[in-house]
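Encoded as structure tokens, the structure appears first; notes follow it.
Please treat every number below as a calculation from the coordinates, not as lab data. Just so we're clear, the structure is a prediction, and the values are computed from it rather than from any experiment. All Cβ positions, even for glycine, are placed from backbone atoms using ideal geometry, and neighbour counts span all protein chains on display.
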Amino acid sequence: MAPSLSKLPPGPVTTKAFALISSAAVLYWLHYSLKVKPRTKLKDEVKFVVGGNGKSTNKQKIEVNSDFLRSLRSIIRILVPSICSKESGYMLLVASCLMLRSICDIWMIHNATLIESAIISRDYNTFKNYLVDLFVSMPTISLVNNMLRYSLSTLKLQFRSRLSNHLYTNYLKGFTYYKMNNLDNRISNADQLLTQDVDKFCDSVVDLYSNLSKPTLDIVIYVKGLT
């Protein structure tokens with residue numbers, strides 16, 4: 001039985017219409033993609049903060065620029081008021097412990113290399129001597145690690161005490177407490193800022209100091225050893 005449906009042969013009109021429809025779809029997709037991406041990026045970069053009058057104001061992201069460095073320098077002056085302060089002494093203790101830690105690391109690497117060479121050469125007496133040296137040096141290395149941990153925790157505590165005293169002194173001076181809680185809504189959760197945020201900030205400052213000092217001391221020791 002012959003099929004009842006007939007197929008139209010593809011002519012030039014049908015091909016042109018298909019090409020036009022495809023081109024229009026591609027152009028619409030490109031236009032939509034270019035239009036949506038800037039809006040998404042703008043939403044990520046800009047945050048809206050609702051003030052007390054109900055109006056939304058734009059707030060830019062915090063960047064590491066001259067203003068940030070100026071603010072950080074003013075806070076560092078509060079944390080370390082002078083060279084003869086207690087905080088400066090603990091910073092010097094941290095630097096000394098980091099230097100001793102680097103020296104211990106270099107010695108352990110050198111001793112491990114000598115032990116491996118003794119194993120390869122099958123020299124039992126040399127292997128025994130270097131292994132005994134490693135066991136004897138373990139208490140000293142452990143003492144250096146604990147001293148470093150103690151100095152870091154004490155420096156964090158000193159920074160936290162210094163910054164908390166400064167903030168609480170200004171927070172409770174005059175009508176500052178009343179103005180911040182009733183008249184000025186730019187600072188919210190002042191109690192959290194004075195406790196948890198100060199704690200996290202001081203920990204970050206001490207960690208930054210140790211993370212910058214250790215590689216610098218390692219480079220100085222390695223360069224001196226190579227020369």
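Say each of ILE75 and LEU143 gets a label point 7 Å from the Cα, pointing the same way as Cα to Cβ; how far apart are those two points in nm?
Modelled inter-label distance: 3.7 nm.
Please pull out the direction-averaged projected area of region 86-216, using the convex hull of its alpha-carbon atoms, in nm² to one decimal place. The partial results should precede the final answer.
Numbers: hull surface 43.1 nm².
Averaged projected hull area, Cα only: 10.8 nm².
Past the 20 Å Cα-Cα mark, which pairs from LYS128/LYS224; LYS156/LYS224; LYS86/LYS156? Walk me through the numbers before you get to the answer.
Values: LYS128/LYS224 30 Å; LYS156/LYS224 31 Å; LYS86/LYS156 12 Å.
Beyond 20 Å between Cα atoms: LYS128/LYS224; LYS156/LYS224.
Setting aside same-chain residues fewer than 8 positions from LYS179, which aspartates and glutamates have a Cα under 19 Å from its Cα?
ASP191
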